[in-house]
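Single-structure report; data block below.
Any read-out appearing in this document is the output of simple, stated calculations on the displayed coordinates, not a laboratory observation. This one's a predicted model, so the numbers in the text were calculated from it and none came from an experiment. Using ideal geometry, Cβ is built from the backbone for each residue, glycine included, and neighbour counts are taken over all protein chains shown.
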Amino acid sequence: MQSNYHFYEPVLGHRLAHDPFNAIIAPRPIGWISSKGRDGNTNLAPYSFFNAFNYTPPIIGFSSVGYKDSVRNIEQTGEFCWNLVTRPLAEQMNQTSAMVEMHVDEFELAGLEKTPSKKISVPHVAQSPVVMECKKTQIIQLADKRGHPCNSWLVLGEVVGVHIREDLLTDGIFQTTVAQPVLRGGGAGDYFTVSEENRFEMMRP
């Protein structure tokens, strides 16, 4: 039975009610990034383009559409933290996405407590059950197929310290569903969580 497909070339438009790109590449982990500038001001912001890119050494990264405070801070100091967004923290994470003046502290705006990191000078979200402290490895301005620069910056960092709340570990294994991670979907405000009912195992051949 042959299926019909909606085909489009992004440069010509998708001809749909909403751009499907973010909904197809989904759900995605949220890059809730804390950073600190050379002036000592801290910033906390969520990024929906985030993931892990290397195992040894562990490297994670996020892409910022626009040269935002997080990118500038990390370029200045070479450090950042990733804070896991959980279902209980979803509303506060959303608060930190507000477009505010550079001097506004998003930790305070969202009612979040800062706590010092162990290996870097950037604080992290005390309420987050998993935190990764990172040292910048690369900041890359993305380019299109013609080599023209995009208004997006990929920030990569090596993880130099990891905090895991101990109740999320069972027999030395991190319990993903117990942590209730919040994941970004498409649309203006679509988010997802994961549940134990949807988990399945499939070993490599």
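Counting other C-beta atoms within 10 Å, and keeping those with at most 14, which DSSP coil GluC sites (Glu not before Pro) do you find in the stretch 28-107? Answer in residue order: GLU101. Between ASP171 and ASN94, what FRET efficiency comes out of the Förster formula 1/(1 + (r/R0)^6) with R0 = 45 Å and r the beta carbon distance, rounded to 0.05? FRET efficiency, ASN94 to ASP171: 0.85.
Of all alpha-carbon pairs in the chain, indicate the percentage at a distance above 27 angstrom. Pairs farther apart than 27 Å: 35 percent. Mean residue ellipticity at 222 nm, helices only, the chain: -2500 deg cm²/dmol; runs of at least 4 DSSP H residues each add -39,500 (n - 2.57), and the sum is divided by the number of residues. For the stretch 1-148, the number of Lys pairs separated by eight or more positions or lying on different chains, with C-alpha atoms closer than 28 Å, is 19.
What the phi angles of the stretch 144-154 give under the Karplus curve with 6.51, -1.76 and 1.60, with θ = phi - 60°, is a coupling list of 8, 5, 8, x, 7, x, 8, 8, 9, 10, 8 Hz, glycine and proline written as x. Subtracting the Cα-Cα distance of GLN2 and VAL65 from 0.36 nm times their residue separation leaves 18.8 nm of extension gain. The 3J(HN,Hα) values that the Karplus relation (6.51, -1.76, 1.60; θ = phi - 60°) gives for the stretch 55-64 are, in residue order, 9, 9, x, x, 10, 10, x, 9, 10, 10 Hz. Gly and Pro appear as x.
The value of relative contact order for the stretch 124-172, using C-alpha pairs under 8 Å at least six residues apart, is 41 percent.
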